[in-house]
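Data block below; observations after.
The values are calculated or read from the model by the stated rules, or taken from the named source; none is laboratory data. Treat the numbers as computed from the prediction; the structure is a model and nothing was measured. Note: ideal-geometry Cβ built from the backbone for every residue, glycine included; neighbour counts use all protein chains shown.
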């Protein structure tokens, strides 16, 4: 996951609507079913999906009252904590 991408997507959600990102995730998830995709292509799609879900989560924290900076930091700490456990 890339914090600058999640931050940009969070700003997109603020300016538009979360539904756009959810629908984009659904399209990308459908694309993962294409049998001819290479592993590298699936990795890129997976990274995009992860960043989009991250932005949705950050947006939820902001709507629950956190500042944008705090929500982004909290989310990334959770991600890094999950990676450290593996």
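From the list 56, 49, which residue is assigned to a helix (DSSP H, G or I), touching a residue at least 24 places away in the same chain (Cβ under 8 Å) and more than 11 Å from residue 1 (Cβ to Cβ)? Working first, answer last.
Working: 49 fails: more than 11 Å from residue 1 (Cβ to Cβ).
Going through 56, 49 in turn, the sole match is 56.
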Somewhere in the stretch 32-44, is a residue assigned to a helix (DSSP H, G or I) and touching a residue at least 12 places away in the same chain (Cβ under 8 Å)? no
Among the residues of the stretch 9-31, which ones are in a helix (DSSP H, G or I) and either free of Cβ contacts under 8 Å to residues at least 24 places away in the same chain or surrounded by fewer than 13 Cβ atoms within 10 Å (Cβ to Cβ) (or both)? 11, 15, 19, 20, 23, 26, 27, 29, 30, 31
State yes or no: is residue 75 at pLDDT below 95 and crowded, with 16+ Cβ neighbours inside 10 Å? yes
